[in-house]
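Have a look at the structure below before the remarks.
The values are calculated or read from the model by the stated rules, or taken from the named source; none is laboratory data. What you see is a predicted model; the values in this text were computed from it and never measured. Glycine gets a Cβ as well: all are built from the backbone with ideal geometry, and neighbour counts include every protein chain shown. These accessible areas exclude ligands, DNA and RNA; they are computed on the full protein's heavy atoms, side chains included. Shrake-Rupley method; radii C 1.70, N 1.55, O 1.52, S 1.80 Å.
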Amino acid sequence: MILKENQPLAPLTTLGIGGPARWFAAAEQEADVGEAAAWARARGVPLFVLGGGSNLLVADAGFDGLVLHIRLRGMAVIEDSNAGRLYRAAAGESWDEFVTRAISENCAGVECLAGIPGTVGGTPVQNVGAYGQEVASVIERVRAFDLEQNQFVEFTPAECGFSYRRSRFNSTDRNRYVVTHVEFRLRPGGAPTIVYPDLQRAIGGSGAAERVPSLAEVADAVRRIRRAKGMLLVEGDADCRSAGSFFKNPVIATDQFRKMFGTESAPPSFPAGPEMVKVPAAWLIEHAGFSKGCTLGAAAISSRHTLALVNRGGATAAEILALAGRIAARVEDRFGIRLEMEPVMLGFP
Ligand SMILES: Cc1cc2nc3c(=O)[nH]c(=O)nc-3n(C[C@H](O)[C@H](O)[C@H](O)COP(=O)(O)OP(=O)(O)OC[C@H]3O[C@@H](n4cnc5c(N)ncnc54)[C@H](O)[C@@H]3O)c2cc1C
């Protein structure tokens, strides 16, 4: 394991913001994870696991600990049976490359998750989801190093505790596990999932609606929608210098929702479990008086997507947080709903 000091972190994040890591190492094989953990433990240094840096805001002062950059590679089919095709992918693989491979091998289950940046290992952490699919529905097993017990462990999906943008890895067991491999069970020749209205419209517009569209057509449509919203990483596109959605869509009790909004002024809502509904945070933000493109210093709301806060060039973490704080305060004031931030904060007190 090669240890570096004062490694800049901003270039390793999609926001491009933040100071350096006091210590930095890359894990290229599983043994490196145990070695880094032992190094940090022996010195009483906090350890942070970095994937693709696409769901991360690093503090301007950086992180006074060890950042372990997950670069484990490898992707293979390990079983093909009536139950589906089982892929095993190392945590450092690009998620979008995994999706591309699955689609080229005509396997359904992740087509709506095309174009999400970051690594395979990052996907179970916040149970990534988009356009009607969540990674939880295809995960078969997660292998991870337990920093407390100093050993490798494996989790079934039930043990991962998945729900909307949540798992044990970002809640009850935050910072305890380093994911090294994930197994995904996909459906060879399966039909694509086309439940999301935006996606249905895009497929309809492409003329593919009269027959069952192929997985590749659905993934292409997802990428087109993402690109239009600045939610696809495209070189030179100022609107994608973000951490994706900065706020989660609040999930509230159906009763509370009815009391809060009259029938006429109600925002759209989507079922989210028994007696619960999910409310689009973008609607709340817009109706609290913020519009796309609104800026605070070099931090801004994306000009194409209200939920994404972007670095217009040279923005600081403090500016991003100030803008996020202003938005959350006004939404709470107006609707009594507290928005929760989606990206992980690193190096903040
Ligand atoms: C333009 C854009 C669009 C996006 N769209 C979506 C979307 O549609 N849906 C969605 O859900 N997300 C979306 N995101 C957010 C982000 O891409 C995902 O959350 C992604 O899975 C994060 O993975 P990462 O490897 O970049 O993790 P990082 O940002 O590096 O880390 C995020 C968290 O995961 C932890 N982590 C990462 N890897 C590991 C590992 N191997 N073991 C243990 N912990 C780990 C980190 O410690 C940290 O707590 C978007 C982001 C951007 C920039």
Checklist line | Whole-number Å³ per residue for the convex hull built on Cα positions in the stretch 104-168 | finding: 101 Å³
Item checked: Charge dipole (the stretch 116-187, unit charges on Cβ, about Cα centre) - positive-most of 138, 179, 117 -> 117
Margin query: Averaged across orientations, what area in nm² does the convex hull of the alpha carbons in the stretch 1-80 project?
Written below: 6.2 nm²
Checklist line | Positive minus negative residues near residue 71 (Lys, Arg vs Asp, Glu; Cβ under 15 Å) | finding: -4
Note to self: From the C-alpha coordinates alone, can you work out the Kirkwood hydrodynamic radius of the chain, in Å?
What the structure shows: 21.2 Å
Check: What does the accessible area per residue of the stretch 172-304 come to in Å², with a 1.4 Å probe and no ligands, DNA or RNA counted?
Finding: 50 Å²
Item checked: Rounded to whole Hz, the Karplus (6.51, -1.76, 1.60) HN-Hα couplings of the stretch 291-307, x for glycine and proline -> 10, 4, x, 4, 10, 9, x, 9, 9, 8, 7, 3, 6, 10, 7, 4, 7
Checklist line | Vicinal HN-Hα couplings computed from phi for the stretch 9-21 (Karplus, 6.51 cos²θ - 1.76 cosθ + 1.60; Hz; Gly/Pro x) | finding: 9, 3, x, 9, 10, 6, 6, x, 10, x, x, x, 8
Check: Just the Cα atoms of the stretch 1-145: what Rg and Dmax do they give in Å?
Finding: 16.5, 52
Item checked: Counted charge near residue 46, where neighbours are those whose Cβ lies closer than 13 Å (Asp, Glu -1; Lys, Arg +1) -> +4
Note to self: 5 Å is the cut-off here: which amide hydrogens, built 1.01 Å from N in the peptide plane, fall below it relative to residue 161, excluding neighbours closer than 5 in sequence?
What the structure shows: 168
Next item on the list: Please tell me the relative contact order of the stretch 1-111 in percent, rounded to the nearest whole number, where contacts are Cα pairs under 8 Å and at least six residues apart.
Entry: 24 percent
Next item on the list: Give, in nm to one decimal, the length gained when the segment between residue 345 and residue 254 is fully stretched (0.36 nm per residue of separation minus the Cα-Cα distance).
Entry: 29.7 nm
Notebook entry, point to check: For the chain, what % of the accessible area comes from carbon and sulfur atoms, probe 1.4 Å?
Noted result: 49 percent
Notebook entry, point to check: For the stretch 232-295, which chymotrypsin sites (Phe, Trp or Tyr not before Pro) are in a loop by DSSP, counting at most 15 other Cβ atoms within 10 Å?
Noted result: 261
Item checked: Overall Cα dimensions of the stretch 162-240, principal axis frame, Å, largest first -> 48, 37, 21
Notebook entry, point to check: Applying the Karplus parametrisation 6.51 cos²θ - 1.76 cosθ + 1.60 with θ = phi - 60° to the phi angles of the stretch 22-36, what ³J(HN,Hα) value in whole Hz is obtained for each residue in order, glycine and proline being reported as x?
Noted result: 4, 10, 8, 9, 10, 9, 9, 9, 4, 4, 5, 5, x, 5, 5
Check: So, counting K/R as plus one and D/E as minus one, what does the shell of residues with Cβ under 14 Å around residue 92 add up to?
Finding: -2
Note to self: Quick check: the distance between the Cα centres of the stretch 314-343 and the stretch 161-221, to the nearest angstrom?
What the structure shows: 28 Å
Checklist line | Nearby lysines by direct alpha-carbon distance to residue 248 (threshold 21 angstrom, same-chain neighbours under 8 apart not counted) | finding: 229, 278, 292
Next item on the list: Give, in nm to one decimal, the length gained when the segment between residue 216 and residue 38 is fully stretched (0.36 nm per residue of separation minus the Cα-Cα distance).
Entry: 59.7 nm
Check: Given only helices, namely DSSP H runs of n ≥ 4 each adding -39500 (n - 2.57), what is the per-residue ellipticity at 222 nm of the chain, to the nearest 500 deg cm²/dmol?
Finding: -7000 deg cm²/dmol
Next item on the list: Set the Förster radius R0 to 25 Å, insert the Cβ-Cβ distance between residue 329 and residue 152 as r into 1/(1 + (r/R0)^6), and round the FRET efficiency to 0.05.
Entry: 0.05
Notebook entry, point to check: Distances over 25 Å make up what percent of all Cα-Cα pairs in the stretch 194-308?
Noted result: 39 percent
Notebook entry, point to check: Taking N as the number of residues in the stretch 212-272, what is its alpha-carbon radius of gyration divided by 2.2 N^0.38 Å?
Noted result: 1.61
Item checked: For the stretch 1-95: accessible area per residue (Å², 1.4 Å) -> 42 Å²
